[in-house]
Every structure is written in structure tokens, then in C-alpha cells.
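Colleague: Quick one: structure below, then a few questions.
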Amino acid sequence: MYKTTLFLVFLVFMPTIWGQETETEEKQLNIVYGANFTKNEEKYPGASIFSKDERQVQFEHQGADLWCDYAIFYQKENRLKAIGNIRLQQGDSIQMTSGNIDYDGKIKLAKSWETVVFTDGQFTLRTDTLYFDREKQESYYNSGGTVVDSANTLTSEIGRYFTIPKKMQFLDSVYIKNPEYTIESERLDYYEITKNAYMYGPSTITGEAYKIYCERGFYDTKIESGYGIKNTRIDYSNRIIEGDSLFFDKKTEFASATNNVVITDTINQGIIKAHYGEVWKLKDSLFATKRAVSISLVENDSLYMHGDTLMVTGKPEARILRAFRNAKFYKTDLSGKCDSIHFEERTGITQLITNPILWNGENQMTGDSIHLISDLETEKLDSLKVLNNAFIIALDTISNEGYNQAKGKDLFGKFIDNELKIIDLVKNTEVIYYLYNDDEELIGINKTICSAIRLLMANNDIEDITFFTNPDGDIFPETELPESSRKLRGFIWRGDERIRTKDAIFDEDDNNIELVIIQGINNPIDTDAEEEDRDTNEGDPINKIAPNTKATKPKKQNKAKK
């Protein structure tokens, strides 16, 4: 009877207690159910104290209701301390429970602590202390929190939730756990509806068969697809992909990279550099273009292979490398060029296809087709084949005028310790060779034809010649062999084309490629925010009056923009 009478008396005097202007009344905390009412001026001066009976104490403030076991209400300051089994409800979705709340009605700020649980029906946030700014419709914590939604579990030291765009911002030790992957980041923005994550600062995404690192990036956590645009790297099965901008999609098992691309084969220890590249994991293949070059190790020496386009296909033990259009290669003592190059890991054969030319030291070799064969066990160069119209030419380094020449139908070379030591020319062979004594005085010019010739090489220079099967020729004094007879039929000297450095495999177009501008290089392109802005501005009268004054919104896309 006492409780009921007290509550009725309180309701009678409420107009007097709250007798203020309408605007003030709208901002004032309202008591919906006070239950037991007391005062304790010594401990809580100026406060009204309410405690529950069969029902909890209930307050209302501008669209939000609060229930608790015990309330200390400062009417003049328009603030409230709530204790015990607290539940705060705003609208139909937002609900917060905790052990304690301090609520300031003037600025609509609630501080909750002790087992805080905040939810909007789509996610649940748990933390020790949470601030809920109802004026800005933002919630934030600074001492660690965990968010769980239908897709992910997110933890961080600092977090903020924006009610209107349904966006969360996490700082410091951010961690997302999903059955398929994890994300660690320094700062991450996460959208509740789309489940899109925007990463700012060092971030790592680890899936079952991939690992992504970036310092700026986007990730669609529903489909495991996204991009990185700063210091980005993907560890993708047996390949590492790096570039200024990287795109990744799990479903298609596809990754692409733009600008300053480096793709490393971790099994075969090969590297491909380019300004654009694609990797297809399911097909075990990659494509590279724009100053593309393959770099591999051959007996402690790097072999550089270039083409307008590079393609690598096949499993690690059976890789096939193709260089298309304007193909060139270089290593310290061997270089060449042709229309295309085909290398097969399983056979160890490198084919130079269409108009091939090979330089071994000062020796120029040409033919319809050239094959370089590696030893599969040692991975050293083993042998050389020049098939059809084989021709070898070297400038006479003493006179710097004449040319030593040998030709035949086919040429077969043998490498020893990665150096070309033996050259055999077979079928319809011919030779023109300048002979000198120990004082480097010209003895004469040897011009011979026979069935086969063997050249023994030392330091990439001819040391000895052996003729096989009825050689027919002679050594002519220089004065007796006219200039017109000092070149074999089919002679074409291409010394000015010789590739002498690893950078010479690139032509002027390769060196003047204009790199694409990576959009959002400082920050990921927040397509969710753009979508929100568009939806917000659709009803803006300014836009209706002058629609052309609004910037055109780019098409929404979830991969790195060029």
C-alpha cells in the first residue's frame, strides 16, 4: 500500500517537478516507473533514489527507455546513475545491457560498464566499458571489445560504431575470425550490412590456401575477395605476388597485380617482374606483360628472359615458360633473341622460335631453330642445337676487320661447367678462319669445305678446328683471297644487335611505359561510403535543381583500380 501511495503522490507532483518550458521538457529525463523512492542527502546530495519492487525502475528519454534495479537521479543536472540488471532500449533494434550506467540527459551520453552487451539485432558487441553518444548515434570503447555478427567475430582494443551508416571502426590489435580465414589489422572499418572491410595500416589476411599483406586495402568478407594498394603481397600456394596494387578472388582462385609486380616461384626459385600480372591458381598458370622479365638461376648466374608477354603454365615439376613477341634473353656469357621462346621444365629444353640468333661470348649463331638443353639433375646448361642453316660468325679480334665463320646444315654444342666447349657442325660444312702466329702476325686465311667440322672452344673463343671426311680447302695469303671471297654465302653480321647487359633485353617502348595511376593510393576507395552518400543525396533539393553539379560516382567495384 505504501509503494502504491508513494508512486501516486509522485505522479501528482510530477507537473510541479518538471514544470519547465516545452523545449526543456523534451530534453528532460522522464520517470516512467519509480517504484521505491528515498533520499540520501549525505551520500547523494540533491538526488532522488529509486529502487525496484516487483518491477524494475524505468526511465524514458527522447525515444529511449532504460530499466534498472536501482537509480540515482539528479533532476537539476538531468543526469542519472543506474545500477543492476540494466537494459537500455532505443527504437526497435538497439539494445544495451550492463551492470552500471551513467547517463547525461543534456548531451545524451551514456557510459556503461560491467559486462556490457550492445546489439542492434544484426550484431552483438561485448566490452567492459562502452560509451553511447545518442546525439551523434555513435558507440565506442577504449579497453577492448568483441563484435559478433552472422559472418565474423571481430576484436580490437578500440572500437566505434556509427548507427546511421551501420559502420564499425576498429583500432589497435584488430582481429577478425571467420571459419575460412582471419584478418589482423592496425585499423579496420567494417560495414555491418555488406560485411565489407577497409584496412588502414599493416594488415594480414590468412586463408586456407592464401595469405595477403597490405597497408591499405579492401576485403569483401562474404566472398573472400578484395584488393590491396600499398606494400601489398599475396602468398598464394607456391607463388608470392607483390605489386603496387593487388586484386584477389578466392572463388575463381585468381589474383592480379599492377605496377612494379614481382611474382616469385617458391619451388623453382624463379622470379617474374612486370608492370601487370595475373595468376590463376586452379590452372597453375600466370600471365605477365609491360616490361615483363623472367629471372632464374643457372649455375650461380642469373638468366633474364623477356617478351612483350610472358606465360607460365603447369605444375611445379612440369612448368612451361613462354615469351611471346620480341623475345630476348641474357646471362653473362650467353644471350639471344627471336620471335618467341619456349622453355619446358620437364625436358630442360629452351627453344628459340622464328628468326633466332644466339651470342656465346663473341660468337654469333643463327639457324632456323635453336635449342638450349639443360641437365635435369644439375640444372646446368648441357648442350646446344642449331637446326637447319646453322651459321656461326665471330669478328677477328686481332684485325677487327675480318670474320671467322663456319656453317653447316646443323650445329651441336656441348657445355662443360656451364661453358660452351665443343661445337660440331655437320653436313655440307664450310669454314673461313684467320690464322695467326704467336706474335699475332697473320699467316693466312683458311677456307675449307668438308662433311663435318669440330671446333674446340676456350673462353668462348675458337682454340682448335678439326675437319672430318675429305676436307677440301687451303690456307690463302691475305693478298690472294679477295674481300668478296672472305664471306660465306648467307653471311649476315648482326653484332650491333648483340645483347650485352641484362637491361639491353628491353627496348625503348619497354623503358618508356607510363605506369597507371593507382586510385586510392593513400586510402582504399570506400565504395560503401560512396553508396551511402549517393543514397543520402538522392533526395537533396540541390541535386534536383542542378543534377549536373554533382560529381559522377564511379562504378562500384571490389578490385584494385588502375
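The values are calculated or read from the model by the stated rules, or taken from the named source; none is laboratory data. Source: prediction; values computed, not measured. Reconstructed Cβ throughout: ideal geometry from the backbone, glycine too, with neighbour counts over all protein chains shown. Side chains included, ligands, DNA and RNA excluded: accessible areas come from the protein's heavy atoms. Shrake-Rupley method; radii C 1.70, N 1.55, O 1.52, S 1.80 Å.
Colleague: Do we find a residue being crowded, with 19+ Cβ neighbours inside 10 Å and either in contact with a Pro (Cβ under 9 Å, 6 or more places away or on another chain) or of a type in the set (V, I, T) (or both) anywhere in the range 309-324?
Modeller: yes
Colleague: Would you check if I422 is out of contact with any helix residue (DSSP H, G or I) (no Cβ under 6 Å at 6 or more places or on another chain), part of a strand (DSSP E or B), at pLDDT below 90 and of a type in the set (V, I, T)? If you could, list the steps in order and put the result at the bottom.
Modeller: On the way: out of contact with any helix residue (DSSP H, G or I) (no Cβ under 6 Å at 6 or more places or on another chain): yes; part of a strand (DSSP E or B): yes; at pLDDT below 90: no; of a type in the set (V, I, T): yes.
Here the answer is no, as I422 does not meet what is asked.
Colleague: Moving to a separate point now. Quick one: which residue in T115, T155 is on the phi > 0 side of the Ramachandran plot and assigned to a strand (DSSP E or B)? Let's see the steps before the verdict.
Modeller: Details: T155 fails: on the phi > 0 side of the Ramachandran plot.
Among T115, T155, only T115 is on the phi > 0 side of the Ramachandran plot and assigned to a strand (DSSP E or B).
Colleague: Scan the range 78-95 for residues that are without any contact (Cβ under 8 Å) to a residue 40 or more places away in the chain and either part of a loop (DSSP other than H, G, I, E, B) or within 42 Å of the chain's Cα centre (by Cα) (or both) and report the count.
Modeller: 4
Here is a yes/no grid of residues against (1) surrounded by 22 or more Cβ atoms within 10 Å (Cβ to Cβ); (2) at pLDDT 90 or above:
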| position | (1), (2) |
| --- | --- |
| L358 | yes, yes |
| G367 | yes, yes |
| I370 | yes, yes |
| L376 | no, no |
| L381 | yes, no |
| K385 | no, yes |
| N388 | no, yes |
| S399 | no, no |
| N404 | yes, yes |
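Colleague: Return yes or no: is V148 over 25 Å from E531 (Cα atoms), out of contact with any Gly (no Cβ under 8 Å at 6 or more places or on another chain) and among the hydrophobic types (A, V, I, L, M, F, W, C)?
Modeller: Details: over 25 Å from E531 (Cα atoms): no; out of contact with any Gly (no Cβ under 8 Å at 6 or more places or on another chain): yes; among the hydrophobic types (A, V, I, L, M, F, W, C): yes.
When the stated conditions are applied, V148 does not pass them.
Colleague: Looking at the range 178-240, what strands (runs of 3 or more DSSP E) fall wholly within it and have at least 2 residues that are of a type in the set (F, W, Y)? So that I can check it myself, show each step before the final result.
Modeller: Values: elements: 181-191, 196-207, 210-220, 225-230, 232-236.
Once the strands (runs of 3 or more DSSP E) in the range 178-240 are filtered for at least 2 residues that are of a type in the set (F, W, Y), what remains is 181-191, 196-207, 210-220.
Colleague: Can you tell me which residue is surrounded by the fewest Cβ atoms within 10 Å (Cβ to Cβ) among those in the range 46-62 that are within 21 Å of F118 (Cα to Cα) and in contact with a strand residue (DSSP E or B) (Cβ under 6 Å, 6 or more places away or on another chain)?
Modeller: Start the filter on the range 46-62 by keeping residues that are within 21 Å of F118 (Cα to Cα), which leaves 56-62.
With the extra rule that they be in contact with a strand residue (DSSP E or B) (Cβ under 6 Å, 6 or more places away or on another chain), the set shrinks to 56-60.
Numbers: Q56: 21, V57: 28, Q58: 19, F59: 23, E60: 14.
Once the filter is applied, the top-ranked residue is E60.
Colleague: Starting from the range 268-279, keep only residues that are in contact (Cβ under 8 Å) with a residue 12 or more places away in the chain, then list their pairs with residues that are among the aromatic types (F, W, Y) whose Cβ atoms are within a distance under 6 Å, requiring at least 6 positions of separation or different chains.
Modeller: E278/F287
Colleague: Within the range 151-186, restricting attention to residues that are of a type in the set (K, R) and within 17 Å of R126 (Cβ to Cβ), which residue is least open to solvent (accessible area, probe 1.4 Å)? Step through it out loud before you land on a result.
Modeller: First pass over the range 151-186, keeping only residues of a type in the set (K, R): 160, 166-167, 177.
If we keep only those that are within 17 Å of R126 (Cβ to Cβ) too, we end up with 160, 177.
On the way: R160: 79, K177: 123 Å².
Per the criteria, the residue is R160.
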